[in-house]
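A.B. asks: Right, I'll just put the structure down here and ask away after.
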Amino acid sequence: MEEEDLKKPTRVQRIRTWLARPITHFKKIQQEYTVTRYRFIILFLFCLLAIWNAMTWISVSPIAISTAQFYSVSLLYISFFSMSFMIIYLLTPLSSACMDLFGLYLSLNAAALLTNAGSILKLVSVFFVSPAIAMVGQCLCALGQTFILSVPPLVASIWFPYPELVIVTSIGSAATQIGIGLGFLIGPLCVSSPPKASGFLWLFGSHIAMGVVIQFLLLIFFRSKPSTPPLPRQHQTSSIERPVEPLNPPLSLSTRFRRLLPKAKHLLLLYIDGLFNAHFWLLSSSFSMGVGFIWALQTTLEYFLNPHGYSSFVVGWIGFGSVIAAALGVSLSGFLASLTHHYRSLYKIFMLSTALSCILFIFCLRPSALPLVLFSVLFISFSCNSLIPLSMELGSECIFPSPSSLSSSFQYVLCNLVACLFTLLLTLLFESNYGYLCPIIAAVVLSLAAFVSLFYIGPYSRKASLSSSSSSSSSS
């Protein structure tokens with residue numbers, strides 16, 4: 001009897017067996033592929049990482065004035081806390097190449113490690129009241145973000161079947177927006193005015209506590225890829241497959257490097273093919289102007305609202321509400337795209353809606369009009385962030401068979417570059433008492449982005465390739 005009990009699987013073993021059990025997904029393109037329930041754990045872990053990293057990015061934006069007073073620096077210096085993410089994100093192509101060569105597991109754990117190190121340095125800066133140490137910590141967190149923002153379409157293509165790609169990309173993008181919303185909320189709750197060191201200790205300490213838990217979960221439960229791919233191998237615009245290496249004898253470092261060279265050369269050729277695509281450049285231009293400027297507006301939201309009598313606490317709650325609206329917009333656009341498959345039309349509709357919402361914000365921006373200001377900011381955030389999953393998937397379709405990580409990373413690089421330039425411009429205008437020009441600049445830039453988007457007619461290359469493959473296999 002005791003031997004039979006010992007042979008029975010434990011509860012943990014039964015749960016692992018259930019998660020790894022292949023299930024047959026519904027038919028969509030005349031073929032069936034097996035996927036596992038473990039893909040939802042992978043998506044959940046990535047969302048946790050994205051939420052936490054986004055919190056470290058935006059945490060001081062709603063309390064910019066208090067942070068400047070505590071560290072005894074100018075508002076322009078505090079603006080660089082947010083702009084550091086935008087500047088360092090220009091290194092994303094290198095991070096994307098690392099993900100394609102070494103896989104998701106090492107890349108995302110490196111992102112968590114960098115974010116943890118940056119959070120610790122920011123906590124140390126409070127004890128020494130050193131803005132330089134805080135800036136170094138913020139830059140480390142920004143370096144971790146380069147492994148995160150472009151990952152949603154990559155996770156989708158590696159772990160999920162074709163009908164779920166847009167929805168998964170939307171969920172991964174919404175996670176970043178939720179993190180920004182929590183950052184807007186937690187900052188004013190921890191730091192009061194006048195600022196005290198204890199408030200910043202609570203703020204940065206909460207980031208470290210979250211980071212330790214997330215790092216542990218990633219190390220134990222995250223995986224780079226499933227045992228069997230959910231899509232035909234030729235249609236996965238994901239990482240390059242590495243050959244199975246013998247366990248004995250162990251390969252030297254030089255041998256491993258020589259084996260990586262052909263894969264790196266092939267990856268470079270795919271990158272060049274993707275970047276020399278006129279449709280992709282048109283899409284990226286409109287996307288970066290629209291979304292990049294809204295990111296700059298989120299970063300400088302307190303500068304827009306404070307002259308009209310709105311406190312940092314109110315700005316924090318408005319920012320939190322705007323990011324919840326952003327998460328809803330990302331989710332809704334993903335759902336509509338998966339339901340209708342009209343990616344191009346939806347992209348143009350949401351881009352036009354973004355321009356109109358910004359014009360509405362200009363007319364509502366006045367004292368004692370909090371409901372109108374709140375509605376216009378929510379409308380902007382909802383419309384603008386609805387573009388993110390649509391643009392990611394349109395870019396992946398447009399440059400296929402180049403890696404989807406190239407599309408998302410390149411678009412985010414342009415977005416961050418635009419956001420950095422406009423954040424710097426808006427901050428200088430507000431400090432020079434020319435803040436009345438900022439709403440006009442916002443209307444012009446977003447109207448131009450909407451106008452450019454009307455000319456985008458890029459192809460659905462990945463969908464066409466998958467459909468032709470399915471038809472040929474069914475006829476044979």
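A.B. asks: Please work out which one of (1) over 29 Å from LEU421 (Cα atoms); (2) at pLDDT 65 or above; (3) buried (at least 17 other Cβ atoms within 10 Å of the Cβ) is the condition GLN298 fails and give its number.
C.D. replies: Looking at each condition in turn, GLN298 falls short on (1).
A.B. asks: Then there is this: Take LEU394 and tell me if it is farther than 24 Å from THR176 by Cα, part of a helix (DSSP H, G or I) and at pLDDT 80 or above.
C.D. replies: Working: farther than 24 Å from THR176 by Cα: no; part of a helix (DSSP H, G or I): yes; at pLDDT 80 or above: yes.
Answer is no for this residue.
A.B. asks: Go through (1) open to solvent by less than 10 Å² (accessible area, probe 1.4 Å); (2) in contact with a Phe, Trp or Tyr (Cβ under 8 Å, 6 or more places away or on another chain); (3) closer than 24 Å to VAL213 by Cα and name the single condition TYR89 misses.
C.D. replies: Unmet condition: (3).
A.B. asks: Related question: Against the condition within 29 Å of SER396 (Cβ to Cβ) and surrounded by fewer than 18 Cβ atoms within 10 Å (Cβ to Cβ), how does LEU154 come out, does it pass?
C.D. replies: It is false that LEU154 is within 29 Å of SER396 (Cβ to Cβ) and surrounded by fewer than 18 Cβ atoms within 10 Å (Cβ to Cβ).
A.B. asks: Assess whether SER79 counts as being open to solvent by less than 10 Å² (accessible area, probe 1.4 Å), modelled with pLDDT under 80 and either among the basic types (Lys, Arg) or in contact with a helix residue (DSSP H, G or I) (Cβ under 6 Å, 6 or more places away or on another chain) (or both). Walk me through it before giving the result.
C.D. replies: Numbers: open to solvent by less than 10 Å² (accessible area, probe 1.4 Å): yes; modelled with pLDDT under 80: yes; either among the basic types (Lys, Arg) or in contact with a helix residue (DSSP H, G or I) (Cβ under 6 Å, 6 or more places away or on another chain) (or both): yes.
When the stated conditions are applied, SER79 passes them.
A.B. asks: Quick one: SER368 ticks every box in (1) under 19 Å from TRP317 (Cα atoms); (2) in contact (Cβ under 8 Å) with a residue 24 or more places away in the chain; (3) open to solvent by less than 40 Å² (accessible area, probe 1.4 Å) except a single one, so which number is it?
C.D. replies: (3)
A.B. asks: Among the residues of segment 301-317, which ones are farther than 19 Å from SER192 by Cα and crowded, with 18+ Cβ neighbours inside 10 Å?
C.D. replies: Of everything in segment 301-317, just one residue is farther than 19 Å from SER192 by Cα and crowded, with 18+ Cβ neighbours inside 10 Å, namely PHE304.
A.B. asks: If VAL445 satisfies every condition in (1) among the aliphatic types (A, V, I, L, M); (2) open to solvent by 10 Å² or more (accessible area, probe 1.4 Å); (3) closer than 27 Å to ALA68 by Cα but one, which is the exception?
C.D. replies: For VAL445, the exception is condition (3).
A.B. asks: Please determine whether any residue of segment 262-285 is modelled with pLDDT of 70 or more, in contact with a Leu (Cβ under 6 Å, 6 or more places away or on another chain), open to solvent by less than 30 Å² (accessible area, probe 1.4 Å) and among the small types (Gly, Ala, Ser).
C.D. replies: The answer is yes; a qualifying residue exists.
A.B. asks: With ILE133, ILE120, ILE167 as the choices, which residue is open to solvent by 10 Å² or more (accessible area, probe 1.4 Å) and over 30 Å from GLY199 (Cβ atoms)?
C.D. replies: On the way: ILE133 fails: over 30 Å from GLY199 (Cβ atoms); ILE120 fails: over 30 Å from GLY199 (Cβ atoms).
Unique residue meeting the criteria: ILE167.
A.B. asks: Here is a list: PHE350, PHE375, PHE320, PHE382. Which entry is at pLDDT 85 or above, out of contact with any Ser or Thr (no Cβ under 7 Å at 6 or more places or on another chain), in a helix (DSSP H, G or I) and surrounded by 18 or more Cβ atoms within 10 Å (Cβ to Cβ)?
C.D. replies: Values: PHE350 fails: out of contact with any Ser or Thr (no Cβ under 7 Å at 6 or more places or on another chain); PHE375 fails: surrounded by 18 or more Cβ atoms within 10 Å (Cβ to Cβ); PHE320 fails: at pLDDT 85 or above.
Sole residue among the options that is at pLDDT 85 or above, out of contact with any Ser or Thr (no Cβ under 7 Å at 6 or more places or on another chain), in a helix (DSSP H, G or I) and surrounded by 18 or more Cβ atoms within 10 Å (Cβ to Cβ): PHE382.
A.B. asks: Take the residues in segment 397-433 that are touching a residue at least 24 places away in the same chain (Cβ under 8 Å) and either in contact with a strand residue (DSSP E or B) (Cβ under 6 Å, 6 or more places away or on another chain) or not in a helix (DSSP H, G or I) (or both); name whichever of them is surrounded by the fewest Cβ atoms within 10 Å (Cβ to Cβ).
C.D. replies: PRO401
A.B. asks: State all residues of segment 182-220 that are of a type in the set (Phe, Trp, Tyr) and open to solvent by 80 Å² or more (accessible area, probe 1.4 Å); if no residue qualifies, say none. Before you say what the answer is, go through the steps one by one.
C.D. replies: Within segment 182-220, the subset of a type in the set (Phe, Trp, Tyr) is 184, 200, 202, 204, 216.
Once the filter is applied, which keeps residues that are of a type in the set (Phe, Trp, Tyr) and open to solvent by 80 Å² or more (accessible area, probe 1.4 Å), segment 182-220 yields TRP202, PHE216.
A.B. asks: Out of SER404, SER471, I need the residue that is touching a helix residue (DSSP H, G or I) at 6+ places or on another chain (Cβ under 6 Å), at pLDDT below 70 and not aromatic (Phe, Trp, Tyr). Which one? Outline the logic, then answer.
C.D. replies: On the way: SER471 fails: touching a helix residue (DSSP H, G or I) at 6+ places or on another chain (Cβ under 6 Å).
Of SER404, SER471, the one residue that is touching a helix residue (DSSP H, G or I) at 6+ places or on another chain (Cβ under 6 Å), at pLDDT below 70 and not aromatic (Phe, Trp, Tyr) is SER404.
A.B. asks: Related question: For segment 353-368, which residues satisfy the criterion of being part of a loop (DSSP other than H, G, I, E, B) and either touching a helix residue (DSSP H, G or I) at 6+ places or on another chain (Cβ under 8 Å) or modelled with pLDDT of 85 or more (or both)?
C.D. replies: We begin by selecting, within segment 353-368, every residue part of a loop (DSSP other than H, G, I, E, B); these are 365-368.
Once the filter is applied, which keeps residues that are part of a loop (DSSP other than H, G, I, E, B) and either touching a helix residue (DSSP H, G or I) at 6+ places or on another chain (Cβ under 8 Å) or modelled with pLDDT of 85 or more (or both), segment 353-368 yields LEU365, ARG366, PRO367.
The values are calculated or read from the model by the stated rules, or taken from the named source; none is laboratory data. Predicted, not measured: the structure shown is a model, and the values here were computed from it. In this analysis, Cβ positions are derived from the backbone assuming ideal geometry, glycine residues included, and neighbour counts consider all displayed protein chains. Quick note on the areas: whole protein, heavy atoms, side chains included, nothing else; ligands and nucleic acids left out. Shrake-Rupley method; radii C 1.70, N 1.55, O 1.52, S 1.80 Å.
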